[in-house]
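Visitor: Let me give you the structure first, and then I'll get to my questions.
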Amino acid sequence: MKNIHKIERNPNFLEHLLIIIGSLSMIVIVTLTAFTTYHSAKEDVLNIAEDDAVRIGTVIVKHYQYDLFNKNKLNKGWSSLEIDMFDRHVKYFLSQFEIHKIKVFNFKRNIIYSNERDIIGIKDKNNKSLTKALQGKINSHLVHEDETVDLSEEKQLNADVVETYFPVYNDIEEIVGAMELYVDVTRYKDEIIHRVTTSVVNISAILIIVFAISYFIVRTGSKEVKSLLDRLHNMAVYDTLTGVYNRGAIIEQANKELSLMKRRIINGEPPKCLGIIMTDLDYFKKINDTYGHQAGDKVLCGFTDRIKQSLREYDVYGRWGGEEFVILLPETDHEKAAAAADRLRKLIMKKPFSINGTSLNITASFGVTCCYDPYESFDTLLAKSDEAMYEAKESGGNRVVSKQ
């Protein structure tokens, strides 16, 4: 029985939308938090390492400026013995700190000293950080252990370092060169990871709580919306008393059947016919006046039950208004529609209706027509069956009248 009106609606749309937006928002926010925290921690490490490098470099320059920037030595170069002695002093000093490498440049960009002896004398031409240092600017950047460090001739370090460049001044505050220090910051890696992890966990926990509260609110609202939609749907489609189709739903179902008939004709298939029955309870007003409207309502509900018993599963029926009902019989010609109406008439007449302990003999009148032309409007077809039904009632009721 076509007693379910199918319409497309999704009352859970808000829930689904919240889940999608919430999930995407959490991913974006957590990613941004991790990114921001990492770069903030990285900046802190750079500042700490830069301060350490400048402080250590200043001490080195203060103690060894004469050896490093003595004009005679710069012109003549260092002897191997002088480099060995100076190297021992510097390495002893650097051993107290986490310094992997030191390079000292003169103003011409030549490396005049490094704890890696094989790069002494090399000119670093295209180093932008060195250029800034020779212009009086301190600058640093983080170099990971898997990245190539500085000049291609140098060894790769097995540690994360902050590479810091800063200018070297003489006694009259003139820039005479620059120094580059590699400060080991591997020990900060765990701290950075911890800060990022803590931030991500905290923000995730907050977002989950906010999302859970929002989801609860939306889900509660969604249930109310679904309940309201169901009520509106039932009001729009079903008769509130009997639970069968109302007038609007009957018209919609009839137009669907007519459209199917048109499609068959367009496809060159044999046309099908549609049987239409209008029925009305005889003397229903008398029942209401005698036994009350509640008894009348029970009669109407019992009447719809008997209609259901007499019809096929795919037949359509509904309440047209008052005590009038309309029945649609797909693929049923005029003769079969009249026979179906007569079976229902006998079923109603045969068994009395029991209302509050009172047995009532009920009869009904039926008007039957049949549609062979799908281009004929449903209003016209219904008018024919309605006219036939009133002929049946005027003839005394409890009968079937057919009209083409």
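Values in this text are rule-based calculations from the coordinates and carry no lab data. Just so it is clear, the structure is predicted and the values come from calculations on it, not from any experiment. Here the Cβ is made from the backbone with ideal geometry for all residues, glycine too, and neighbour counts use every protein chain on show.
Visitor: Using label points projected 7 Å from each Cα along Cα→Cβ, tell me how many nm separate Val59 and His194, to one decimal.
Guide: 2.5 nm
Visitor: Is it possible to state the helix-based mean residue ellipticity at 222 nm for the chain, with each DSSP H run of 4+ residues giving -39500 (n - 2.57), the sum divided by total residues, to the nearest 500 deg cm²/dmol? What is it?
Guide: Per the formula, -18500 deg cm²/dmol.
Visitor: Given R₀ = 25 Å, what would the calculated FRET efficiency be for Ser359 paired with Asn288, taking r from the Cβ atoms and rounding to 0.05?
Guide: 0.90
Visitor: Glu331 versus Leu32, label points 7 Å from Cα toward the beta carbon: distance in nm?
Guide: Simple spin-label model gives 6.1 nm for this pair.
Visitor: Mean separation of Cα pairs under 8 Å and 6+ residues apart, divided by the residue count of the stretch 247-402: what relative contact order is that in percent?
Guide: RCO, the stretch 247-402: 31 percent.
Visitor: Against the longest principal axis of the chain, how steep is helix 187-237, in degrees 0 to 90 to the nearest 10, with axes from Cα atoms?
Guide: That helix lies at roughly 10 degrees to the long axis.
Visitor: At q = 0.10, 0.12, 0.14 Å⁻¹, what log₁₀ I(q)/I(0) does a Debye calculation on the Cα points of the chain give, no solvent, two decimals?
Guide: -0.82, -0.96, -1.10
Visitor: Something else: Put a dot 7 Å past each Cα toward the Cβ at Gln404 and Ala236; how far apart are the dots in nm?
Guide: 4.0 nm
Visitor: Please give the length that would be gained between Ser25 and Asn126 if that part of the chain were fully extended, namely 0.36 nm times their separation in residues minus their C-alpha to C-alpha distance (nm, one decimal).
Guide: Result for the pair: 32.0 nm of gain on full extension.
Visitor: Within the stretch 296-360, which chymotrypsin sites (Phe, Trp or Tyr not before Pro) sit in a loop by DSSP and count at most 14 neighbouring Cβ atoms inside 10 Å?
Guide: Passing sites in the stretch 296-360 are Tyr314.
Visitor: Continuing with this model, one more query. Taking the Cα centre of each part, how many Å lie between the stretch 100-129 and the stretch 20-64?
Guide: 27 Å
Visitor: For Phe166, Phe35, Phe284, Phe366, which order do you get if you count the other beta carbons within 10 Å of each Cβ and list the fewest first?
Guide: Listed from fewest to most nearby Cβ atoms, that is Phe35, Phe284, Phe166, Phe366.
Visitor: Okay, next question. Mind jotting down the distance between the C-alpha centroids of the stretch 304-331 and the stretch 229-264, whole Å?
Guide: Centre-to-centre (Cα) distance: 12 Å.
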